[in-house]
Structure formats: C-alpha cells, structure tokens
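A.B. asks: Here's a structure for you.
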Amino acid sequence: MALIDTVKPRLGIFYSDTNKNAEIQSMIDGAVSYFGEAGWNIDADSPSNTAVEAVILYCKMAQSTDPDQFANHPVLMSFILQGRTQPSTIATPTATPAGGTYTETQNVTLECSTLYTDIYYTTDGTTPTKESTLYTGTIAISETTTLKVKAFRYGWYDSDVLTVTYTF
C-alpha cells in the first residue's frame, strides 16, 4: 500500500479526487523532504507507522495557522527519538584555504554541509573529540600546523576527520 493510501483515511479523506490526491501527495513530498533534510528516512514505498504519523503531523503543521504549536508534539518527538532505523553520517568538514605552503598567516574557516553540527578541531595532531576546541570563527595559523577537524551532531554518526597541514 502506498503512503498516500494510508495517509488519506487518517486525514478523514475516504474518496478519490485528482486534485485532493495531488494536494496530499504534495504534502507527503514535503514531509519526506522536511524530515529527510533532518536525516530521518520516510520510505514512501513501504511506509511504517512512524512514517505515516510523521506525514500526518506534517500535514497538520502545513495546514495550521500556528505550526509552532506542534514543536513538542509527542509524535514528532517519538519520530525524532526513535523514527530512524539507522542514523545518518555527518559530512566531512572542509577548511578554507586548503592546506599547503604559505609565507603569511592564514585565516582558516571551517564548514560542514550537514546542518546543525558542532565542529571541533585540534592543532596538536590529535583526533578531535567533543572535549576539543569548539569552532566559533576564523582560526589564524601562522606556523607549521596540522589541523584536524571533526563534526558532531546528536543522534548522528560523527564525521570523518579532516586533516589539513599548513607549512610555513
């Protein structure tokens, strides 16, 4: 059974209408995208109860004049805490400028394409942990340094370590 066929009755729709089906499919696509960007997998081909609940919640949020009222909704919280069968892996952070040989101080910026991550780094060659230095802004490097960078996010697998060497 397709996700739309499971969601429609839960939304109180027991008839077939091309426009209504398109509207609901648009909401399902929106829910898949919304939760997918957060790293949660909604499988539209073989929907789980959690996926159905998440889509219904998304539909209610989309139709609400105050979607913030759903921020602590038990279904959303359950989906956040238990909905994923496997956590996603955080993308490896990047450093700009790239490592290399320089004659002047380099102001290094760190980024991670995965949203809502905390980036930690070390300059002593050790692998970063959550106890390492939290990246909050440009890092000035003026002597030969091996910069190691790792990103973390609760409920996700940690990123791979980025290792960049700046030589002076």
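A.B. asks: Give, as a single signed number, the net charge of other residues whose beta carbon lies under 11 Å from the beta carbon of Asp118, with Lys and Arg counted +1 and Asp and Glu -1.
C.D. replies: +2
A.B. asks: What length, rounded to one decimal in nm, is gained on full extension from Thr146 through to Asp124, with 0.36 nm per residue of separation minus their alpha-carbon distance?
C.D. replies: Result: 7.2 nm gained on full extension.
A.B. asks: Under the classification rounded if a/c is under 1.5, otherwise prolate if a/b is larger than b/c and oblate if not, where does the stretch 94-167 fall, given a ≥ b ≥ c as square roots of the Cα gyration tensor eigenvalues?
C.D. replies: Cα axes put the stretch 94-167 in the prolate bin.
A.B. asks: Continuing with the same structure: With both bridge residues required to lie in the stretch 94-167, what share of the DSSP beta bridges run antiparallel, to the nearest 5%?
C.D. replies: Working: 18 of 21 bridges.
In the stretch 94-167, approximately 85 percent of DSSP beta bridges are antiparallel ones.
A short reminder: the numbers here are calculations on the coordinates, not readings from a lab. For clarity, every value in this text was computed on a predicted model and none was experimentally measured. Here Cβ is always computed from backbone atoms with ideal geometry, including for glycine, and neighbour counts include all displayed protein chains.
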